[in-house]
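Bear in mind that the values in this text are calculations on the coordinates, not laboratory data. Computed from a predicted model, the values in this text were never measured in an experiment. All Cβ positions, even for glycine, are placed from backbone atoms using ideal geometry, and neighbour counts span all protein chains on display.
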Amino acid sequence: MLTRQNGADLLSASDDAVDLTDPSLYLNRELTWLAFNRRVLHEAEDSRNPLLERLKFLAIVSANLDEFFMKRIGGLKQQLGAGMSKKTVDGRTPREQIDECYAVVREQEIALRQAYSELRQQLSVHGIDILGYDALAAEDIDFLRAHYHDNIFPLITPQSIDTA
């Protein structure tokens, strides 16, 4: 029961006391993160948003999923590898979290591919085509190779290696 004493809220034990260890009182950190990502995907699907903004939302969703697997799923897999089976406050083991996340991600991937396909068609109507490498002209390939070599490769290549 919640009581008020001298302006402060206090919890006191009684028959009505809430069990703060009850997993149903908590949300799973990974699943809520995926729910956020689904809301971003909704923005990409929303035809009220400008076409190129919708494409940006798809890119954000895709980048978010990449990071999610590197950080969140990677961390859960490390827990599994270390033999951890302790449940989180929401009552899930690392294995259960991974399995539930995979199910949610599969649904998001289907929706992402469908939205991308629809956006590509709509972009094409406006003269914007997203081409695969095989569909590029020779001069486009040459331009992209030069751009990569001059601008991207130097950023991803270590310039010196510290012995430490």
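The slack between Leu51 and Thr21, meaning 0.36 nm per residue of separation minus the straight C-alpha distance, is 6.2 nm. For the chain, set up a Gaussian network in which alpha carbons nearer than 10 Å are linked by springs, and say which option among Gly75, Gly132, Gly83 fluctuates the most. Greatest mean-square fluctuation among the candidates belongs to Gly132. Kindly identify region 28-151 as rounded, prolate or oblate by the Cα gyration tensor criterion: order the square roots of the eigenvalues as a ≥ b ≥ c, call it rounded if a/c is under 1.5, otherwise compare a/b with b/c, prolate if a/b is larger, else oblate. In terms of gyration-tensor shape, oblate. The angle between the Cα long axis of helix 138-147 and the longest principal axis of the Cα atoms of the chain comes to about 50 degrees, rounded to the nearest 10.
Comparing mean-square fluctuations of Asn151, Asn49, Asn28 from a GNM of the chain with C-alpha springs under 10 Å, the top value falls on Asn151. Spin-label model, Gln121 to Phe153: label points 7 Å out along the Cα-to-beta-carbon direction sit 4.0 nm apart. For the chain, the longest principal axis of the alpha carbon atoms and the long axis of helix 94-125 meet at an angle near 40°.
On a 0 to 90 degree scale, rounded to 10, what angle separates helix 29-45 from the longest Cα axis of the chain? Long axis of 29-45 versus the principal axis of the chain: about 40 degrees.
Extending 7 Å from Cα along the Cβ direction at Phe36 and again at Asp129 yields two label points whose distance is 3.9 nm.
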